[in-house]
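Each remark here refers to the structure printed beneath this line.
The values are calculated or read from the model by the stated rules, or taken from the named source; none is laboratory data. Just so we're clear, the structure is a prediction, and the values are computed from it rather than from any experiment. With ideal geometry, Cβ positions are generated from the backbone for all residues, glycine too; neighbour counts draw on all protein chains shown.
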Amino acid sequence: MQHYFKHTMLAAAVALVTAAPLARAADATETAAAPTVAAAEREGRLVWYTTLLGEATQPLVDAFAKRHPAIKVEVVRAAAPLNAAKVLAEAAAGQPVADLFDGSSTAGLLMARQLVQPYVSPSAATIPARFKDPDGYWTSTVLYYLTTGYNPAMIAPDQAPRTWQDLLAPQWRGKMVWSAEQAPTAAQGLVANVLLTMGETDGMNYLRALARQDIANVNTNPRKILTLVGDQAYPIGLQVMVHHTVMAQHEGMTVLSREGQTLLKGANHIPSNTLVPTGFPELTDIPVTFISPVQAAAGQDRWNAILKELFATPRTTP
């Protein structure tokens, strides 16, 4: 049976660290936030552990600075599991640093250790219920759509893979690349998507077949994976973020993904030099596998174990 691609949809959720509630000032109403704002101003800083790149964080930091000029925002970027590990280490030492964090699995990992503070943001009222925790422990601020991207200078559009089975064709052996970051936005997200789409037995059989395709396992973030494809180092990138294809166009690179532009159609964007999706468009005609922060946290150990078993051989960037 042919399994057509189901695009991975991940929710990058923002949450507050229990031991450091100062970030509440960014979302609470002015009246309720006044004491917290005053405390944050006395401290003079707010530390944000993020998975986002600078193109996405800087407009938010600039907007916050205009509203709260006495509070300096310190942005620390790392993959979701690494950010979670830092918060856990800080909590164990009794020396919390982060005030708030985001990530595709961070909230779920830290909720299990009771290190997340619930909050209900007035600005989240219009966000659909499935994209936020009913008890206020996390709220999705970004939806990542991940798919298979290809370079049209190396592959004609009518020859590009359309199904999971297409990726097993002999001509693609050694021609594909993905990110080895320990995060669901990287290779582990594809493993999750396959298992959720095909089921346990068919999914594992497929992953064993895919492992024979000699995928380049590069230790870098998904944005750089797209750059490798755009620079013609590889014709196919797995787990490509659709909005990165738009960003690449601004840099003179062309990486296409089937239905990618439709995925972005109707989404709102942060106004900057790049396009970062922040809206929640209805995608009834495009198959997606939604993975919440809690699901990502619960599944990542198993997904990583599968990657280690089947795709352990690392590659370096060409």
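Tabulated results
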item: Members of region 112-133 found to be of a type in the set (S, T, N, Q) and in a helix (DSSP H, G or I), listed by number; result: S123
item: Checking Q117 against (1) more than 23 Å from T227 (Cβ to Cβ); (2) in the same structural domain as P293 (by TED's automatic domain parsing); (3) in contact with a Lys or Arg (Cβ under 9 Å, 6 or more places away or on another chain), the condition it does not meet; result: (2)
item: Selected residue (only one of T147, T197 is part of a helix (DSSP H, G or I) and either of a type in the set (S, T, N, Q) or assigned by TED's automatic domain parsing to the domain that holds S121 (or both)); result: T197
item: Tabulated pairs, region 192-207, first over 18 Å from A296 (Cβ atoms), second in a helix (DSSP H, G or I) and among the hydroxyl-bearing types (S, T, Y), C-beta under 9 angstrom, 6+ apart or interchain; result: M198/Y206
item: Contacts under 6 angstrom Cβ, first residue in region 129-144 being in contact (Cβ under 8 Å) with a residue 60 or more places away in the chain, partner in a helix (DSSP H, G or I) and of a type outside the set (G, A, S), 6 or more apart; result: Y137/M111; W138/P293; S140/F131
item: Conditions (1) modelled with pLDDT under 85; (2) under 23 Å from G54 (Cα atoms): number failed by L228; result: (1)
item: Residue list for region 47-92, restricted to those being closer than 20 Å to A107 by Cβ and aromatic (F, W, Y); result: W48, Y49
item: Residues of region 276-303 satisfying the condition of being assigned to a helix (DSSP H, G or I), at pLDDT below 90 and surrounded by 13 or more Cβ atoms within 10 Å (Cβ to Cβ); result: P293, V294, Q295, A296, A297, A298, G299, Q300
item: Selected residue [over 17 Å from P161 (Cα atoms), assigned by TED's automatic domain parsing to the domain that holds T147 and not aliphatic (A, V, I, L, M)] from P235, P222; result: P222
